[in-house]
Amino acid sequence: MQRSMLDLWVGLFVIAGLAALVVLAFKVGNMSSTGAGETYSLQANFDNIGGLKPRAPVKSAGVVVGRVTRIEFNNDRFTAKVTLTINKAVQFPKDSTAAILTSGLLGEQYVGIDGGGDGEMFKAGDNIRLTQSAVVLEKLISQFMFDKAAQGQPNAQK
Amino acid sequence: MASKNLIEIKDVSFSYGKRLILSGINMTIAQGQVVALMGISGSGKTTLLRLIGGVMRPTSGEVWVNGVCTNDLDQAGLYQLRRQMGMLFQFGALFTDLSVFDNVAFQLREHTQLPEAMIRDLVMMKLHAVGLRGAHQLMPAALSGGMARRVALARAIALDPMLMLYDEPFTGLDPISLGAIAQLVRQFNDTLGTTSLLVTHDVAEALDVVDDVYYLADGKMLAHGSPQAMRAHTNPVVRQFVYGEIDGPVAAQYPVGDFATALKLRKQCAA
Amino acid sequence: MLHRLSSSVSALGAQVIDMVLRLGYATRFMLLTLRQSTTCLMRPSLIVRELYYTGTLSMVIILVSGLFVGMVLALQGYQTLVTYGSESVLGVLVALSLVRELGPVIAALLFASRAGSAMTAEIGLMKATEQLAAMEMMAVDPIARVVAPRFWAGLLSMPLLAALFSAMGIFGGYIVGVVLIGVDEGSFWSQMQSAVDVREDILNGVIKSVVFGIAITWIALFEGYDAPPTAEGVSGATTRTVVTSSLAVLGLDFILTSFMFRGV
């Protein structure tokens, strides 16, 4: 086969392959997690993180603003210390709350931040004081049964 | 004008594992000679050729080519030596994915920086010398055995080597191609001033073109002399080879017991 | 009987030792190939020529297989997902399966049987017809001229082929899922985009395919170079290439997956 024809076909092959990679990267995958742009980190302590995993999204008003980067056990307070990496463009007031929510009914868990009203914003490395733990199914059931039992009691007492 | 000895083989032995293939070989080939190395199949001829080409190292003894001992050469030195050698393989060994032209041009493209126009001229010259200039576009698969062998010859002499090694160049050729190759061997040797070593068991053709003959049997150099001397040799082994006699010192049958006994026609006789 | 048992045990031991020796030889061969790669890296035309045979000629089988695998994934996936009312995540199912696993692995298996066996047969035949020896006698190192360009071509084509497979498969999944079955197009792509991570999934898939490419090309080239110069020798080497590289791909896939997708 002629040299020039050979080069042409090989060139086409390489272009096709690279195009496939690019399509996969941009159309199929999501680029926001490649950490483009500046970020800062915040800490939050939760009594129970439920099924939260590293790299879970951090959302506020439903929009992804960052990622969970580390989850550790705080042995002094027996809580879970979660490190969040937030986009630098997004700032939260010092009285914002962080809660562990579930997307959909059985979906993955994420950290939702509700903006507060304080004038001062969090600085890098600050601790979010107001946190809400994940909903644990067993506690929910026992709470429900306790409430139901408490409801039944006054009736029985009558 | 004293002709230098191009190849000197001093007391060389070669074993492959436990098998002794060559022992106590002594050879000298002067520059400009055409020398035949003969022997029956399995006598060690090809091994000796490989030792000269530096493909293998002798177990003992020295191989001197053009004043350099091949025993001590490293890879780079060997390649340097081989640039001055050309080898014709038994069935040509042409590169099947390249055309005839590209095959002959191979060494020129790999080892020289010559421009394509000059390479084209050189390749055509070599192909013309072997009578195949018109076939330069063909692929090796389209060539007959004789033609392939001639193309391989053109490829081997592409860099005008000082030493040509031929591994069974006449095997399996029709009489016409045979004669053509034999004539080319002699022609190239005389016109290019090369030295040629032919490994062959084709007695008739070889004895017509060579200056000197070495005869190998069982890994030992049994006889050495001019073609006339070989034809008139008294050693029965040599005579059997030269005149193609079926039975002589070299038995036609592979060593085995008595056939009649094997067929149970008579009981095994006590000797 | 005891004698027969002991002789078969010692035969097994000899086989194991033989395998270890062969592996050592293969490693030395690979190191030699890498060392001799300077020639072909400075003359890219050699690699380009091999890229045509390993890459371009494999494109058809890769694209067609990718298309069918993607279509089947969508078909089968839909059956299961619709029972949980989650058919909108069909795109995620197809994309993740392909990009993480099926793309690299199936493309590698196809590559091994097509390009790998071709490389083994070609080099084995070159050895049998004394072409490699002729090259040596012409002071051209066959490893630099024949083996190294094929190695780099295989290494380069593998990730490209895997990407083509995955992309084609996702397209096939789209055709079946959205066009034929009627899953919502918007949620097909948006769910996929939010679930497939470039660094985690796509990059890992690319890394996997590069590793597979190295393994397959290494095995194919070594088997060809080491093949006995006979008809049976070359055919045995070709078979061994396909079998060994397929097993290697599957084994490496497990090892790589357990490293990459730990605890996600």
### Query
Per residue of chain B, what 222 nm ellipticity follows from adding -39500 (n - 2.57) for every DSSP H run with n ≥ 4, rounded to the nearest 500?
-10000 deg cm²/dmol
### Task
Return the whole-Å distance between the Cα centroid of segment C:30-48 and the Cα centroid of segment A:34-63.
47 Å
### Query
If amide H atoms are built 1.01 Å from N in the plane of the peptide, which residues on other chains or at least 5 residues away come under 5 Å of the amide H of residue B:223?
B:215
### Summary
Between residue B:87 and residues 5 or more places away or on another chain, the pairs with built amide H atoms under 5 Å apart involve B:165
## Note on the structure
For A:122, A:146, ascending order of other Cβ atoms within 10 Å (fewest first) is A:146, A:122
#### Entry: Value of [θ]222 nm, deg cm²/dmol, for chain C, DSSP H segments ≥ 4, -39500 (n - 2.57) each, nearest 500
-25500 deg cm²/dmol
### Message
Only counting other Cβ atoms within 10 Å, I'd like C:214, C:62 sorted with the fewest neighbours first.
### Response
C:214, C:62
### Task
Helix by helix through chain B, keep the DSSP H runs that span 15 Å or more along the axis on Cα and average at least 1.0 on Kyte-Doolittle, and give those back in order.
none
### Summary
Largest fluctuation, C:18, C:253, C:226 only, Gaussian network model of chain C with Cα springs under 10 angstrom, belongs to C:18
### Task
Measure out, as a whole number of angstrom, how far apart the alpha-carbon centroids of segment C:152-167 and segment B:90-125 sit.
34 Å
### Query
Which of the lysines could be linked to residue C:208 by a straight reach, that is with a Cα gap under 24 Å, when you skip same-chain ones fewer than 8 residues away?
A:27
### Query
What is the helix-to-structure angle for A:3-23, meaning the angle in degrees between its Cα long axis and the longest Cα principal axis of chain A, kept from 0 to 90 and rounded to the nearest 10?
10 degrees
### 10 Å binning of all Cα-Cα separations within segment B:1-114, expressed as whole percents from 0 upward
12, 37, 34, 16, 2
## Note on the structure
Along segment A:95-101, Karplus-curve 3J(HN,Hα) (6.51, -1.76, 1.60; θ = phi - 60°) to the nearest Hz, with x for Gly and Pro, reads 9, 6, 10, 10, 10, 9, 10
### Message
Compute the angle between helix C:203-226 and the longest alpha-carbon principal axis of chain C, please, reported from 0 to 90 degrees and rounded to the nearest 10.
### Response
30 degrees
### Query
Using alpha-carbon positions, what is the distance between the centroids of segment B:1-65 and segment B:159-203, in Å?
18 Å
## Note on the structure
In order over segment B:214-223: 3J(HN,Hα) from phi, Karplus 6.51/-1.76/1.60, θ = phi - 60°, whole Hz, x for each Gly or Pro, gives 10, 10, 9, 9, 6, x, 10, 7, 8, 8
### Positive-pole candidate from B:59, B:23, B:96, dipole of segment B:10-103, charges at beta carbon
B:23
### Summary
Listing C:207, C:216, A:49 by rising number of other beta-carbon atoms within 10 angstrom, fewest first, gives C:207, A:49, C:216
### Query
Separation between the residue B:118 and residue C:42 pseudo-spin-labels, each 7 Å from Cα along Cα→Cβ, expressed in nm?
1.9 nm
### Task
Would you mind checking A:53/A:94; B:10/B:220; A:53/A:148; A:59/A:88; A:81/A:123; A:59/A:81 for any pair whose Cα atoms are more than 23 angstrom apart?
A:53/A:94; A:53/A:148
### Query
Dipole size in debye (nearest 20) for segment C:143-205 around its Cα centre, Lys and Arg Cβ +1, Asp and Glu Cβ -1?
540 debye
### Query
Hey, what do the phi angles of segment C:167-179 turn into as Karplus ³J(HN,Hα) couplings, whole Hz, using 6.51/-1.76/1.60 and θ = phi - 60°, x for Gly and Pro?
4, 5, x, 5, 4, x, x, 5, 4, 6, x, 8, 6
### Summary
Longest principal axis of chain A (C-alpha) makes with the long axis of helix A:137-157 (C-alpha) an angle, in degrees to the nearest 10, of 20 degrees
#### Entry: Unit charges at the beta carbon, dipole of chain C: most positive-side option, C:86, C:52, C:129
C:129
### Task
Evaluate peptide C:190-203: per residue, the Cβ atoms of other protein chains within 10 Å of its Cβ; return the mean as an integer.
5
### Query
Using a Gaussian network model of chain C with C-alpha springs under 10 Å, which one of C:19, C:71, C:158 is most mobile by mean-square fluctuation?
C:19
### Query
When each pair of different Cα atoms in chain B is counted once in the 1/r mean, what is the Kirkwood radius in angstroms, to one decimal?
20.3 Å
### Query
Taking the protein assembly as shown on its own, what percent of its Cα-Cα pair distances exceed 34 Å?
64 percent
### Amide H contacts of residue C:196 (H built 1.01 Å from N, under 5 Å, at least 5 apart or other chain)
A:30
#### Entry: Among C:149, B:257, A:143 - extreme Cα towards positive end, dipole of the protein assembly as shown, charges at beta-carbon
A:143
### Task
Starting from the eigenvalues of the Cα gyration tensor, five times each then square-rooted, give me the equivalent ellipsoid semi-axes of segment B:95-157, largest first, whole Å.
18, 12, 10
### Check: the protein assembly as shown dipole with +1 on Lys, Arg Cβ and -1 on Asp, Glu Cβ, in debye
780 debye
### Message
With viscosity set to 1.567 mPa s at 4 °C, what whole-number translational diffusion coefficient in µm²/s follows for segment A:35-142 from Stokes-Einstein and a Kirkwood radius over Cα pairs?
### Response
92 µm²/s
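The numbers here are math on the coordinates, done by the rules we state, and not lab data. On a predicted model such as this, the values are computed, not experimentally measured, just so you know. Heads up, the Cβs are rebuilt from the backbone with ideal geometry, glycines too, and the neighbour counts pull from every protein chain shown.
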